[in-house]
Every structure is written in C-alpha cells, then in structure tokens.
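S.K.: Here it is: the structure, laid out below.
The values are calculated or read from the model by the stated rules, or taken from the named source; none is laboratory data. Please read these numbers as outputs of a predicted model, since none were measured by experiment. Don't worry about glycine lacking a Cβ; one is built from the backbone with ideal geometry, like all the others, and counts go over all protein chains shown.
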Amino acid sequence: MTRTRFAPSPTGFMHIGNLRTALYEYLIAKSQGGKFILRIEDTDQKRLVPEAEKIIFDTLKITGLKHDEGPDVGGNFGPYVQSERKEIYKKYALELIKNNHAYYCFCDKEEFDAGDRFSEKNKCNCKNLSADEIKKNLEAGKNFVIRQNIPDGETSFFDQVYGEITVKNSELDDQVLIKSDGLPTYNFANVIDDHLMEITHVVRGCEYLSSTPKYNLLYKAFGWQIPEYIHLPLILDEHGEKLSKRKGAASFEDLMKIGFLPEAIINYIALLGWSPDNNQEIFSLAELEKKFNVRGLSKSPAIFDLAKLKWMNGEYIKKMDKDKFYNLALDYFKKNIKKSDLDYKFMAEAAQTRVEFIEDAWKLFDFVDELRDYDLDLFLNKKMKVTHEISYDVLNCVLDKLKDIELKNWYGENLKNVLMELAKEKNLKTGQIFWPLLIALSGKKNTPCGATEIAEMIGKDESLKRINFGIEKLK
Ligand code: GLU
C-alpha cells in the first residue's frame with residue numbers, strides 16, 4: 001500500500017513550498033488508495049517556534065489535507081512527534097556503531113565542521129579510536145556526537161522527477177546522526193522514521209536531493225528497502241527569485257490574509273509543478289485525488305503567478321453558494337458603506353461574478369455614499385452614439401421626467417419603464433438615455449448594475465442632485 005508522509009519542522013509559517021509538498025504527498029497517497037501520515041520533525045530545538053505546530057494543524061485542517069494515522073489524541077489521530085521518539089533513534093544509532101557504519105566523535109564540533117576533513121591537519125581521528133579510548137571518553141563524560149561512517153565507492157539512486165543520480169561517496173561528509181544533546185538530526189531521524197512508518201514514497205523539496213545518497217547509505221547499512229523518491233523543484237516568483245513575504249506572499253497565511261480562498265490556493269498550488277493530461281485548470285480537492293499522477297510532475301522551477309491565483313480565486317467566488325457569498329460580503333458592505341437602507345442581497349448577487357476577492361465586493365458600490373468628480377469624457381460612447389451634446393440634452397429630459405415621480409414609485413423597475421417611454425418619445429436608442437444617466441449617477445463606466453438600479457439605491461434626492469451636477473459639468 002502506498003504510504004506518504006508530510007514531515008514539517010515547526011519553525012514558522014506554512015511556506016507555500018511546504019504546503020505544496022503536503023498536498024502532493026496527500027494526493028499521491030489518495031490517488032492510489034493509500035495513507036497519508038503527519039510527522040512533526042522537531043529535533044532541532046533551537047529552531048522551534050511555539051506557534052508553528054498549531055499553524056501546521058490549522059493549515060491542514062482548513063485545506064482538507066487530513067492525515068490517516070497517528071497516536072490516539074482524545075479520539076483523534078495525533079501526529080507522530082520526533083522529540084517523543086528519542087530513544088528509538090538512539091537504539092538505531094548504537095546498532096550502526098556496532099556494525100561500523102557510525103562512530104562516536106569527541107571532537108569539538110566547531111573545529112570539525114570548520115575544517116576540511118580531508119586535510120591532515122583538520123582530520124578527525126575519532127573514526128580510528130580504540131574501544132578502550134572510546135570507553136574512557138564516555139566514562140569521563142566527554143561531549144560527543146555520533147557520525148555516519150561513509151564508505152568508499154559510489155552511490156546511485158533514481159528520483160522520479162530528476163532521474164538517475166550518481167555521486168562519489170568521497171563527496172559526502174560523515175554527517176552527524178545524533179547531536180550532543182542526544183537528539184537525532186533530521187538527516188538521521190527521517191530515515192529511521194520513514195522506515196518504521198513504512199513510507200513508500202518520500203516527497204520533499206529538491207534541496208534534499210544532495211543529501212539523499214547519505215540517507216541511502218543508511219538504508220543500506222540497516223539492510224532496509226529504499227523508498228521511491230520524488231523531489232520537487234523550487235517555486236520562484238515572477239522575477240525568478242525566491243518567494244518572500246517582503247515582495248508579496250510566501251506562506252499560506254499571507255495568502256489567506258490577502259483574501260484568497262483555501263480551495264483556490266490548493267487548486268493553484270496543485271498546478272505549481274504538476275500538469276494534468278489535458279488543459280483543465282479548475283480542480284476540486286476530490287478531483288485532484290482522482291487525477292493526480294507522478295507522471296505530470298516537472299523538474300523545472302515553478303513560477304508563482306499571483307495574477308493567475310487571483311483569477312482562480314474569482315472563479316471560486318463565482319461558483320460559491322449565493323447565500324454563503326452574501327453572508328461573507330455583508331460584513332464588508334456594512335462596514336464600508338454608510339448608507340444603510342440598501343438591498344444587500346441584490347448587491348451581493350451583482351458583485352459575485354465580478355470580484356476576485358470577497359472583501360472587494362463593497363468597492364464596486366463605492367459611489368453609493370458619495371459621487372467622486374469624474375472625467376467629462378466618460379459620457380462619450382461611440383457604440384451607443386452618445387456625445388457630450390446628447391448627454392446634456394438627455395440629462396435635462398431625464399431630470400424633467402424623474403423629478404415628478406413620487407417617492408413610493410421610486411424603484412428600479414418603474415424608473416426603467418419611465419425612461420423607456422422617454423426614449424420612444426424622443427426617438428432615441430435606450431442606450432442613449434441610460435448611458436449618460438449611469439455616468440451621472442455613478443461617475444463610472446463599469447458598475448455592477450444598471451442606472452435605474454443605482455437610482456433606486458441612492459434615492460430620489462441624491463439622484464436628482466447627481467443629474468444636476470452632470471448637467472452643470474456638461475454645460
Ligand atoms: N523536516 C523537513 C522539512 O521541513 C522535512 C523534509 C522531508 O520531507 O523529508 O523540510
């Protein structure tokens with residue numbers, strides 16, 4: 001059975017690259033009827049951020065990437081947590097020492113890491129210590145780390161994205177497996193856990209590609225089966241640089257704050273490095289679970305295109321349940337538009353197909369409270385044959401008609417009928433009436449609804465005032 005794992009280190013926000021890794025692991029498992037496992041890799045205690053674990057859980061919950069297994073936590077699956085598994089790693093490290101695949105290193109850490117291990121001067125000699133010397137050092141309570149003993153030769157492996165990779169073992173360093181605080185490094189713990197958790201497909205960022213031969217030597221030392229590797233390319237911004245918060249957004253939280261919907265984020269991220277067999281772009285998570293395949297993964301860096309994500313967000317907003325959109329947009333309408341006797345339902349419906357962010361819906365109606373001065377040329381409309389002169393004449397006639405309408409009859413449908421009549425009377429096209437009125441009432445060319453609906457929205461007094469203002473401008 002296919003088993004994948006998401007193994008984040010709780011060191012801060014959920015980077016977009018990390019979320020993509022989680023998503024692909026989830027999809028690989030689900031598309032093959034397998035299991036998705038969550039493992040918190042918290043062995044680098046210096047880098048831990050207290051809030052980070054919660055961010056990981058919340059993100060997976062909001063996006064629907066539910067894990068299938070883990071220790072029981074109040075009836076739910078908890079994640080596996082590496083810091084709680086310290087003894088397990090130690091046991092395996094000692095086994096490696098016994099078989100000469102690892103050794104105690106008593107060197108001062110800095111000295112060893114700074115030195116070139118191949119130069120005689122800096123060479124660490126710990127590999128050659130006798131059993132007695134090791135025993136003495138341990139009894140004296142000397143600080144130590146456990147290092148991997150890299151054998152001579154070459155290591156090859158196959159990555160499903162990057163293909164066949166071969167390195168000379170002499171290029172690999174005797175990496176630390178167990179640190180002086182007794183905790184394992186990521187480099188060790190990931191191998192032990194992936195084996196014990198029976199992970200079949202290891203999916204992670206390509207920054208781990210160069211360390212993978214060392215992991216394979218560990219698998220070999222234990223006689224364990226090496227998992228399938230799927231390393232993912234970098235995600236870059238439009239300028240080909242690393243994604244950063246400073247230049248826009250780098251994390252799931254950043255995107256949520258901007259106003260993107262989780263479904264749109266997941267859909268967009270799925271396409272950052274993976275392409276389906278056809279040109280389909282909109283995928284629900286359930287659809288991705290069926291259609292995702294490793295074949296569609298690419299090794300060229302993915303470009304994060306915020307404009308594309310905005311478009312996608314707009315598509316998700318269009319598909320959203322009407323009442324849900326109304327409820328979400330309502331707060332923004334009420335908070336930002338002072339006039340209160342408004343048909344918010346109508347406004348929400350008009351906005352739903354026109355916005356990329358829910359919080360922008362009210363902005364389409366920013367003319368309601370106040371008419372901002374506008375460019376006279378907005379009245380010009382070639383297609384509808386509207387000139388400044390026609391606008392001036394039309395607004396005068398419209399004013400004449402509308403001023404006598406009783407307040408109880410001041411509603412869109414009736415106003416529309418009155419103005420249609422006017423068009424007939426004056427032998428004008430309806431557009432020649434409605435266009436100048438729309439400009440006069442809203443000061444805009446693009447509005448979410450028509451002139452008579454706006455007239456109803458802002459009321460009779462305000463409408464007449466704005467028409468007068470237009471006439472004055474056109475004089
Ligand atoms: N803890 C590692 C990280 O957050 C996980 C890498 C892996 O998936 O093996 O980058």
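S.K.: Are there any pairs with C-beta distances below 7 angstrom linking a residue in segment 92-104 that is more than 16 Å from W224 (Cβ to Cβ) to a residue that is buried (at least 19 other Cβ atoms within 10 Å of the Cβ) and β-branched (V, I, T), with the two at least 6 apart or on different chains, and if so which?
M.R.: From segment 92-104, the pairs are I97/I146; Y104/I146.
S.K.: Any idea which residue in segment 18-27 is farthest from K245 (Cα to Cα), counting only those that are more than 9 Å from the ligand (Cβ to nearest atom) and within 10 Å of the chain's Cα centre (by Cα)?
M.R.: R20
S.K.: Checking D68 against (1) farther than 24 Å from I88 by Cα; (2) more than 16 Å from the ligand (Cβ to nearest atom), which single condition isn't satisfied?
M.R.: For D68, the exception is condition (1).
S.K.: Follow-up question, since we're still on this one. Can you tell me which of (1) under 20 Å from the mean Cα position of the chain (by Cα); (2) more than 13 Å from the ligand (Cβ to nearest atom); (3) in a helix (DSSP H, G or I); (4) within 30 Å of V161 (Cα to Cα) is the one Y89 doesn't meet?
M.R.: Among (1) under 20 Å from the mean Cα position of the chain (by Cα); (2) more than 13 Å from the ligand (Cβ to nearest atom); (3) in a helix (DSSP H, G or I); (4) within 30 Å of V161 (Cα to Cα), the lone unmet condition for Y89 is (1).
S.K.: K54: more than 12 Å from the ligand (Cβ to nearest atom), touching an Asp or Glu at 6+ places or on another chain (Cβ under 6 Å) and in a helix (DSSP H, G or I), yes or no? Break it down stepwise before answering.
M.R.: Details: more than 12 Å from the ligand (Cβ to nearest atom): yes; touching an Asp or Glu at 6+ places or on another chain (Cβ under 6 Å): no; in a helix (DSSP H, G or I): yes.
Judged against the criteria, K54 is not a match.
S.K.: Tell me the residue from I337, I358 that is under 30 Å from the mean Cα position of the chain (by Cα) and of a type outside the set (F, W, Y), please.
M.R.: Exactly one residue qualifies, and that residue is I358.
S.K.: Find the strands (runs of 3 or more DSSP E) located wholly in segment 116-214 whose residues include 2 or more that are more than 27 Å from N18 (Cβ to Cβ) and more than 16 Å from the ligand (Cβ to nearest atom), and list them.
M.R.: Correct list: 145-148, 154-159, 163-168.
S.K.: Go over the candidates L364, L328, L399 one by one and state the one that is modelled with pLDDT of 95 or more, in contact with a helix residue (DSSP H, G or I) (Cβ under 9 Å, 6 or more places away or on another chain) and surrounded by 18 or more Cβ atoms within 10 Å (Cβ to Cβ).
M.R.: So the residue among L364, L328, L399 that is modelled with pLDDT of 95 or more, in contact with a helix residue (DSSP H, G or I) (Cβ under 9 Å, 6 or more places away or on another chain) and surrounded by 18 or more Cβ atoms within 10 Å (Cβ to Cβ) is L364.
S.K.: Restricting attention to segment 215-236, which residues are part of a loop (DSSP other than H, G, I, E, B) and aromatic (F, W, Y)?
M.R.: At the first step, the residues of segment 215-236 found to be part of a loop (DSSP other than H, G, I, E, B) are 223-227, 233-234.
Selection gives W224 alone.
S.K.: Does segment 7-16 contain any residue that is surrounded by 20 or more Cβ atoms within 10 Å (Cβ to Cβ), away from the ligand (no atom under 12 Å from the Cβ) and under 16 Å from the mean Cα position of the chain (by Cα)?
M.R.: The answer is yes; a qualifying residue exists.
S.K.: Does T200 meet the test of being in contact (Cβ under 8 Å) with a residue 12 or more places away in the chain, touching a Gly at 6+ places or on another chain (Cβ under 9 Å), under 20 Å from H231 (Cβ atoms) and polar (S, T, N, Q)?
M.R.: yes
S.K.: Then there is this: Does segment 71-81 contain any residue that is closer than 30 Å to N128 by Cα, at pLDDT below 95, assigned to a loop (DSSP other than H, G, I, E, B) and within 16 Å of the ligand (Cβ to nearest atom)?
M.R.: No, segment 71-81 contains no residue that is closer than 30 Å to N128 by Cα, at pLDDT below 95, assigned to a loop (DSSP other than H, G, I, E, B) and within 16 Å of the ligand (Cβ to nearest atom).
S.K.: Taking only pairs six or more apart or across chains, which ones have beta-carbon atoms under 8 Å, a first residue in segment 8-26 that is of a type in the set (F, W, Y), and a second residue that is within 11 Å of the ligand (Cβ to nearest atom)?
M.R.: Listed pairs, sorted by first residue: F13/A52; Y24/V203; Y24/I230; Y24/L232; Y26/T4; Y26/F6.
S.K.: What's the total number of residues in segment 29-47 that are more than 12 Å from the ligand (Cβ to nearest atom) and surrounded by fewer than 24 Cβ atoms within 10 Å (Cβ to Cβ)? Full working, then the answer.
M.R.: The first filter runs over segment 29-47 and keeps only residues more than 12 Å from the ligand (Cβ to nearest atom), leaving 29-36, 45-46.
When the remaining residues are screened for being surrounded by fewer than 24 Cβ atoms within 10 Å (Cβ to Cβ), the result is 30-36, 45-46.
Final tally of qualifying residues: 9.
S.K.: Test L441 against the stated conditions and say whether it is of a type outside the set (D, E), in a helix (DSSP H, G or I), under 17 Å from F379 (Cα atoms) and in contact with a Ser or Thr (Cβ under 8 Å, 6 or more places away or on another chain).
M.R.: On the way: of a type outside the set (D, E): yes; in a helix (DSSP H, G or I): yes; under 17 Å from F379 (Cα atoms): yes; in contact with a Ser or Thr (Cβ under 8 Å, 6 or more places away or on another chain): yes.
Yes, satisfied.
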